[in-house]
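Inspection log for the structure reproduced underneath, given as structure tokens.
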Amino acid sequence: MTRSAPVLLLAAGCAPTGTWEVQTWGEDLIEQGIPAEVFEDGCAATFTVFEVSITEASLVDGDGSDAAAMASPARIDLTSPGPHALASLEAPATHYDTARFRIAPDGDAPSVRAAGTLTCGADTVAFDWSFDTDTTYRCEPEDLTIPGGGSHTTELTVHGDHLFYDGLSNPDALVRGTALLEADTNADGEVTQDELAAIPIAPLGYQVGPYADVVDLEAFVAHLTQSVGHVDGEGHCGVDL
Amino acid sequence: MFLLLPAALAEPEPSEQVVVEQRSAPASAAQRDLDASDVVAMPGRSTDDLLRATRGLHQSAHSGHGKAFQYFLRGFDAVHGADIAVSLEGVPLNEPSNVHGHGYLDLHFIPRQLVTGAVFRPGIARAEVGDFGVAGSGDLSLGMAQEGLQVQVGGGTDRSGSIAMGFRPEGRGAGSFAWLDAEEGLGVGPSRHWRQVRAGVGLDGTLGGTDLRAFLLAYRGDFESPGVVREDDYASGAMGFYDAYPSSGSGRSARALGAVSARTRLPSWRTDTTLWAGWRALELRQSFTGFYEHPDTGDATLQTQDGLSAGLSSKVERAFGDALALAGGFDARLDLLGQQEAGIDVDGAVWDPRIDTRIAERSVGAWVAAPTRPLDWLSAEAGVRVQHFTIGLDRTLDSGLGVGKAQANAPVLAPRGIVRLFEDGPLTVFGSAGRGFRSPEARGVENGRAPVSISDGGELSAVLHAVDALQVRGGAFGTWISNEIVFDHAAARFLTTGRTRRLGAYGGLTLHPIDAVSIDLDVTGTDGRYTASREPIPYAPRVLAVGQLTTKALVTGPLVWTAGVRSWWLGQRPLPGGFASHAAFVTDVTARATHRAWTFDLDVDNVFANRWRDGEFFYASHWDPGAPVSALPRRHFTAGAPFAVRLGIGWRLR
Amino acid sequence: MILSLLACIDARAPVAMPVRFEGGSPDLQLEAGAIHLDRAELEVADLRMESAPVARWLPSLVGTATAHPGHEFAGSVRGELLGSWTLDLVGPPTDLGTAEGWEGDVATASFDAGTLVLAGTWTGPEGSIPFDLEVEVDRPIVGVESLFSLDADEPPSLSLSAHVDHALGFVEWAETDGDGIVTAADGTLRNTALFGITSSTSWTLAQESP
């Protein structure tokens, strides 16, 4: 068996590298708010804070190993105009099909904090929710080729409207606000997480699919924070919960 | 018609042979050169079947007569040709970015009777080999072996008939010919009807020390495809082994290819320039899942492609004394393609257009090689090839990558080298290493750069030729791919499946008990795995053993025989998802007896009438629209060639 | 090396296994009260067993398999029993048939659900009240725990169990329209009964102990 040394030296010694630029963005739905036409029940929402703790951003090679990885966690408020740069990393120049992101608590900081207002008809409530969910997104951008000496940008796109879905895994899930607004049981104009936790899911007609342990509205929204990550706009991500 | 011609006009010249010039010294013990009589003695119906002569290659036909085979070589699942570069008189035949598969290699357009020789080289070691040269390469020679007018008719138990006429002017080379043949058959079992017409003209001659050559081939084929049979349907008796589900598929294929070439031979210079152009149209209807995805309309798809291609290649060799030479060349090609894919209903009507794309693909390559022989017992050839692909496309439909124009560039550098020891001795040792590459498939291209698939391989082999009657050969090879890239047609994305390695060994012998008879035995074993997971590479054969008994110009009484009996055994193959295929054993026979101006041909496919499974696949399918839909993956197979006998008779006028 | 390649590949073999359904008791004691079921039936169809998914996909992402020979993937369905049955959730065990499958580990099961019929009496702190409900579920019940392995040499007998007490534990038995009987028109009975019956933990598919 021969394994030509010259060929390998050429392959290894001259292996070109390029730059993987990583960014994140909340798009208009987080920066400007979610308009009524997006909601099935005519509600609307705006965010004053939408912070995510991105603890990992990695370029994954075909063997499942990290070809490049963000050195330190980043905490970004996506209500400020984006896209927001996360890292600029050197990586072997080749084709990749997977980028991995992790949104998880970073020290005392929650993984996701969303604050703002929700309006349904004449009623408006404020909310300020923090979640400690830990989610790894395995994303499949349409194209992820790092050119030798050049750069390619991958974006973790965060979809704020997913916090208002009425289903956890059914593809026909809709964006609804009424149940969340009505969770303000003390009518003080703010829906707290404790109030959400007091609302059982079963009467709402919401669907949890295989996640049978999700039985209250707080757990439901917490679970939805694990579905906000996408890639390059609408690109697909698998989720390790 | 031939019966009306007076037999007395025919000149008896039964032993006329064309000896093919060996294009270059071999890079390994696995290289195989076929001359015209080897081609005659190789069983099989079409030119595509000749590729089976490649040591370690298995090919599978899952869609009747007329669609490109699937190729497997040295641990590679080369799909329809993505990893095997084949040329005809130096004209590249693989079709980049074909709608049905990248590197689509369909040789049905070449009249088998016009193949006068071939060289097949597993592995990649020569700088000349360009795109798709990943697992191996080959080149076919075109011409008419014999002078005069020849007419052949034939028919067989596979409900087929054929007629062929060819003419090579007396005193002209094999490259001067006119050819026309047609065949039609119903096949064994339903949905196997095919019809093919081929025509060709060629001209060769010499002008001022330059060999000039031109040829034009044209082809049209229509065919039905039996597709797959579900193993549980076969086991229950609902389907016969050679049955086909309704609307399993069909196709039309048309191709024209012409080339002009000039070769000069001066004492220390050689040049070779070829200009070629081709037209192609392909239409494929197929369904491998029935009504699984779309219970109302059915899952059948229609793929269509039309295209024009042209290219130029040139090479120069210059010798500096006996010890050193330099060779170099360049090649360029342009492919202008239009391709569509759509979902069609049971009546064949389009209900779901999915792809409509225009593609302009440019490829420019250059190579240099320096063959040296510093010592009597040592020769070496170091070379390198650079290639650059520019792929532009315009998508009318969004198949996952948006609409509009996109353009990508993909450069690649491929060093290669060969070492030969004791070339003139009884034991010759070969060492070779090289990088093969495959261009990006246009359908997955976005703006910017597109990924080139690259493989690095090496081989060590030896041939022992101590006595005239026996040649023994053996070798070991390895191929390493740092990032295996495949295009997922369903998701319209390039996937990276990681590092792979293929390690293999082969051994064989050629025995000449008497001059006119040879016996070849070859065994190739390959262990192909994903490096990280250790999972086997699916579909790729692990063991292929081939034995062939060949007679060439064997005289028995008034008859001169050229014949071949070829048996092969293919071991189990790993399939995705933890499944495995059956092993297969098949024997084919071909025999040609010549008596004066007459030739009598006998072909027997699958002599032992084995019901062998040519391809096996696991997935869910649904063929009865009225029944509940099962999502359980099932074993499906494509039936291997059945037992069939064909007879032919030919007559030659000189 | 060639000799090692000649060895047979250890491939998945087909497995056939009987499946039966086991309901529960018609008399249930829940935290908030007691239930007597006169009738509890659910139409179900097409039981499928799946291996553990490589990744869970987000809503709106439903994977599709393509199947050109050589390019397809087998999918994650490991076993299957096609058919439709009306399960008597409080009746005796019933044979559903023989499922087909391939060797390997199973992680979850799913099946389609149709009409749910519930009739009986609820007894809570405020007394007893009859209920009568017929509701179209029309959604799959997914993620049902199914932790066993299929082995062709020792094919398992499978048992699908309904945990009716768990399913009805979600139900709010509020009679709101004053007709003296809790029906789909009352309050949240429809939503809560749907939630309970489709909860993956209201079901188990298990290997019967030998």
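Taking C:Thr98, C:Thr192, C:Thr176 as the candidate residues, the one with maximal mean-square fluctuation in a Gaussian network model of chain C, Cα springs under 10 Å, is C:Thr176. Residue by residue, the stretch B:156-168 carries 3J(HN,Hα) couplings of x, 6, 7, 6, 10, x, 8, 9, 9, 9, x, 9, 10 Hz when phi is fed to the Karplus relation 6.51 cos²θ - 1.76 cosθ + 1.60 (θ = phi - 60°); x denotes Gly or Pro. With all protein chains kept in place, the per residue accessible area of chain A amounts to 38 square angstrom at a probe of 1.4 angstrom. Give me the percent of accessible area attributable to carbon and sulfur for the stretch A:16-240, probe 1.4 angstrom. Of all accessible area on the stretch A:16-240, carbon and sulfur atoms account for 46 percent.
Suppose R0 equals 51 Å; then what is the FRET efficiency for C:Ala174 and B:Ala238 from their Cβ-Cβ distance, rounded to the nearest 0.05? Don't jump to the answer; show the numbers that get you there.
Values: r = 54 Å, r/R0 = 1.07.
For R0 = 51 Å, the calculated efficiency reads 0.40.
Buried surface for the B/A pair, taken as the accessible area of each chain alone minus that of the pair with a 1.4 Å probe, is close to 2200 Å² in total.
When the GluC sites (Glu not before Pro) in the stretch B:79-180 are filtered for DSSP coil states and for at most 13 other beta-carbon atoms within 10 Å of their beta-carbon, the remaining sites are B:Glu170. Entry note, chain C: the mean residue ellipticity at 222 nm calculated from DSSP H runs of n ≥ 4, each adding -39500 (n - 2.57), is -2500 deg cm²/dmol after division by the residues and rounding to the nearest 500. Loop-located chymotrypsin sites (Phe, Trp or Tyr not before Pro) in the stretch B:604-654 (DSSP state not H, G, I, E or B) with no more than 13 neighbouring Cβ atoms inside 10 Å: B:Phe608. Near B:Gly148, the amide H atoms lying under 5 Å from its own belong to B:Arg168, B:Glu170; only residues 5 or more places off or on other chains count, and H is placed 1.01 Å from N.
Averaged over the residues of peptide B:624-636, the number of Cβ atoms from other protein chains lying within 10 Å of each residue's Cβ is 5. Calculate, for B:Val629 and B:Ile519, the FRET efficiency according to 1/(1 + (r/R0)^6) with r their C-beta to C-beta distance and R0 51 Å; round to the nearest 0.05. E between B:Val629 and B:Ile519, to the nearest 0.05, is 0.45. Within the listed set A:Ser130, A:Ser227, A:Ser169, the residue fluctuating most in the Gaussian network model of chain A (springs between alpha-carbon atoms under 10 angstrom) is A:Ser169. Dividing the summed helix terms, -39500 (n - 2.57) for each DSSP H run of n ≥ 4, by the number of residues in chain A produces a 222 nm estimate of -3000 deg cm²/dmol to the nearest 500.
Between 0 and 90 degrees, the angle of helix C:189-198 with respect to the longest Cα principal axis of chain C falls at about 20 degrees. Separation of the stretch C:4-45 from the stretch B:29-61 is 55 Å, based on Cα centroids. Here the 3J(HN,Hα) profile of the stretch B:240-251, calculated from phi with Karplus coefficients 6.51, -1.76 and 1.60 at θ = phi - 60°, is x, 4, 9, 7, 9, 6, x, 6, 5, x, 6, x Hz, Gly and Pro shown as x.
Between C and A, buried accessible area summed over both sides at probe 1.4 Å, in Å² to the nearest 100?
The C and A chains share an interface burying roughly 1900 Å².
Taking C:Gly114, C:Gly33, C:Gly196 as the candidate residues, the one with maximal mean-square fluctuation in a Gaussian network model of chain C, Cα springs under 10 Å, is C:Gly33. What FRET efficiency comes out for the pair C:His36/A:Asp216, r = Cβ-Cβ distance, R0 = 25 Å, nearest 0.05? For C:His36 and A:Asp216, the calculated efficiency is 0.30. For chain C, with every protein chain kept in place, what is the accessible area per residue (1.4 Å probe, Å²)? Accessible area per residue, chain C: 46 Å². Cα convex hull, the stretch A:16-240: 119 Å³ per residue, rounded to a whole number.
Once neighbouring chains are kept in place and the probe is 1.4 Å, which whole percent of the accessible area of the stretch B:92-157 is contributed by carbon and sulfur? Don't jump to the answer; show the numbers that get you there.
Details: 530 of 1020 Å².
Reported share for carbon and sulfur atoms: 52 percent.
How about the stretch B:494-536: which of its residues lose at least 40 Å² of accessible area in the presence of all protein chains relative to their chain isolated, using a 1.4 Å probe? Residues meeting the cut-off: B:Thr496.
Using only helices, what value at 222 nm comes out for chain B when you add -39,500 (n - 2.57) per DSSP H run of length 4 or more and divide by the total residues, to the nearest 500 deg cm²/dmol? Present the calculation step by step, with values, prior to reporting the outcome.
Values: 2 runs with 11 residues, N = 654.
After summing the helix terms and dividing by residue count, I get -500 deg cm²/dmol.
Between chain B and chain C, the total buried accessible area stands at approximately 2900 Å², from heavy atoms with a 1.4 Å probe. Burial annotation for the stretch A:209-241: residues with an accessible-area loss of at least 20 Å² between the isolated chain and the complete set of protein chains, computed on heavy atoms with a 1.4 Å probe, are A:Gly209, A:Pro210, A:Tyr211, A:Ala212, A:Val215, A:Ser227, A:His236, A:Cys237, A:Gly238, A:Val239.
Once the partner protein chains are put back, the stretch A:162-187 shows a loss of at least 40 square angstrom of accessible area, versus the chain by itself, at A:Pro171 (probe 1.4 Å, ligands and nucleic acids excluded). Ligands, DNA and RNA left out, the 1.4 Å accessible surface of the stretch C:78-210 is 47% carbon and sulfur atoms.
Which value, in Å², gives the accessible area per residue of the stretch B:123-179 when a 1.4 Å probe is used on the protein heavy atoms?
Details: 1690 Å² over 57 residues.
Heavy-atom SASA per residue in the stretch B:123-179 reads 30 Å².
The values are calculated or read from the model by the stated rules, or taken from the named source; none is laboratory data. Computed from a prediction, not measured in an experiment: that's the story for all the values here. In this analysis, Cβ positions are derived from the backbone assuming ideal geometry, glycine residues included, and neighbour counts consider all displayed protein chains. For accessibility, only protein heavy atoms count, side chains too; no ligands or nucleic acids. Shrake-Rupley method; radii C 1.70, N 1.55, O 1.52, S 1.80 Å.
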